[in-house]
Amino acid sequence: MYGIPEYRLPKKVVRKEIKKIENLGVTFLTNQAVGEDLTVDTLFDQGYDAVFIGSGTAIPKALDIPGSKLKGILQSSYFLRMASLYSTGNVERDEVPAREGEHIGIVGCGNVAMDAARTAIRMGAKKVTIISNETIDKMPANQFEYDFAVKEGANFLWQTDTREFISDESSEYVGGIRANTPEGEKIYKFDRILLAIGSRPANKIVSTTTGIDVDDTGYVIAKEKPYGMTTRKGVFAGGDVVHQPQTVVLAMKDAKLVASGIAQYVDAVKLLKD
Ligand SMILES: Cc1cc2nc3c(=O)[nH]c(=O)nc-3n(C[C@H](O)[C@H](O)[C@H](O)COP(=O)(O)OP(=O)(O)OC[C@H]3O[C@@H](n4cnc5c(N)ncnc54)[C@H](O)[C@@H]3O)c2cc1C
């Protein structure tokens, strides 16, 4: 691998996995954004028989409700990124958007919310409250992620639907939320809000080539036969960019199925050429 800033170097276990994959004959081109530095068409021009898109869901969803432009409302993904950079010594503590002693509200109840809660607690938050509009049995987070968050001290508000971000005395900073709950409308005070309500795919790859159809929300449409092929011949997709944000295990399982779809396709094309 080359050209990776030190802070972006993967951890030891991941580095070992990458080495294993390299030894199988895979070349890694890093710092290459498909749609900017190269395109799907460039790859075919270079002689690749098939292209796999596994670009995940890079765009965090915003919550478009009154008060959403107040300062102090941030994406959890940004908070987690800055906390990670701080932990590797690449940014100063004050660049991590969470001060010691704050009461932080996290809207959303998936694995990202659990990670954000645990990280905020470790960064010195006085209290962290996860605000879920679901019941505990419907939360999208894995049970073990929830258990870890509880163990580290996260609090939960269930069936609490955030309707507005509010501020104190016309301050430009968020001071809490107004929410609908089973007991009626309630106000909860927070010093900062982190959003963790899901993410969606970026369209950089599909918008810079032709023939790859996506659904109304930007997810790539993939076929069952050959498994994972998009509406463009030879271009395959799998993982979150097809199936919506899921889990690492499901993305890996899907990738294996797509790999066999790609093998079938490449063999069939070769057979027709011979
Ligand atoms: C904060 C957080 C916590 C999570 N916690 C858990 C958890 O505890 N357990 C769990 O199972 N799952 C968890 N998930 C979900 C899990 O990470 C995903 O379901 C899984 O990683 C999806 O795999 P993927 O290969 O489809 O996409 P990703 O893992 O998202 O990989 C996509 C890759 O494509 C790259 N990419 C995107 N666009 C381009 C482009 N144009 N050019 C080049 N490269 C591009 C991205 O940089 C990224 O490296 C979490 C997700 C987040 C964000």
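The values are calculated or read from the model by the stated rules, or taken from the named source; none is laboratory data. Keep in mind that what you see is a predicted model, and the values were worked out from it rather than measured. Cβ: placed from backbone, ideal geometry, glycine included. Neighbour counts: every protein chain shown. SASA here: full protein model, heavy atoms, side chains in, ligands and nucleic acids out. Shrake-Rupley method; radii C 1.70, N 1.55, O 1.52, S 1.80 Å.
Taking the range 32-62 on its own, how many of its residues are more than 25 Å from SER76 (Cβ to Cβ), open to solvent by 50 Å² or more (accessible area, probe 1.4 Å) and not in a helix (DSSP H, G or I)?
Matching residues across the range 32-62 total 8.
Regarding GLY72, is this residue under 20 Å from PRO245 (Cα atoms), within 24 Å of the chain's Cα centre (by Cα) and open to solvent by less than 90 Å² (accessible area, probe 1.4 Å)?
Values: under 20 Å from PRO245 (Cα atoms): no; within 24 Å of the chain's Cα centre (by Cα): yes; open to solvent by less than 90 Å² (accessible area, probe 1.4 Å): yes.
Answer is no for this residue.
The rows are residues; the columns are (1) within 21 Å of the chain's Cα centre (by Cα); (2) on the phi > 0 side of the Ramachandran plot; (3) not assigned by TED's automatic domain parsing to the domain that holds GLY72.
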{"site": "ALA125", "(1), (2), (3)": "no, no, no"}
{"site": "ASN133", "(1), (2), (3)": "yes, no, no"}
{"site": "ASP137", "(1), (2), (3)": "no, no, no"}
{"site": "ASN142", "(1), (2), (3)": "yes, no, no"}
{"site": "ALA149", "(1), (2), (3)": "yes, no, no"}
{"site": "GLU152", "(1), (2), (3)": "no, no, no"}
{"site": "TRP158", "(1), (2), (3)": "no, no, no"}
{"site": "GLU169", "(1), (2), (3)": "no, yes, no"}
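Of everything in the range 35-50, what is on the phi > 0 side of the Ramachandran plot and more than 10 Å from the ligand (Cβ to nearest atom)? Give them in sequence order. Explain how you work it out, then say what you get.
In the first step, residues of the range 35-50 are kept if they are on the phi > 0 side of the Ramachandran plot; the result is 35, 47.
The one that is on the phi > 0 side of the Ramachandran plot and more than 10 Å from the ligand (Cβ to nearest atom): GLY47.
In the range 88-108, is there at least one residue being assigned to a helix (DSSP H, G or I), surrounded by 14 or more Cβ atoms within 10 Å (Cβ to Cβ) and not polar (S, T, N, Q)? Before the answer, list the steps.
Residues of the range 88-108 assigned to a helix (DSSP H, G or I): 93-95.
Those left that are additionally surrounded by 14 or more Cβ atoms within 10 Å (Cβ to Cβ): none.
No, the range 88-108 contains no residue that is assigned to a helix (DSSP H, G or I), surrounded by 14 or more Cβ atoms within 10 Å (Cβ to Cβ) and not polar (S, T, N, Q).
Report, by residue number, each residue of the range 196-218 that is over 20 Å from the mean Cα position of the chain (by Cα) and either of a type in the set (Asp, Glu) or near the ligand (Cβ under 9 Å from one of its atoms) (or both).
Across the range 196-218, the qualifying residues are THR208, ASP213.
If VAL112 satisfies all but one of (1) farther than 21 Å from ALA141 by Cα; (2) near the ligand (Cβ under 10 Å from one of its atoms), what's the number of the condition it fails?
(1) is the only condition that VAL112 fails.
Among the residues of the range 219-274, how many are within 25 Å of CYS109 (Cα to Cα), in contact (Cβ under 8 Å) with a residue 40 or more places away in the chain and either in a loop (DSSP other than H, G, I, E, B) or away from the ligand (no atom under 16 Å from the Cβ) (or both)?
Looking only at that region, the number is 5.
Does the range 220-235 include one or more residues that are of a type in the set (Phe, Trp, Tyr) and open to solvent by less than 30 Å² (accessible area, probe 1.4 Å)?
Within the range 220-235, not a single residue is of a type in the set (Phe, Trp, Tyr) and open to solvent by less than 30 Å² (accessible area, probe 1.4 Å).
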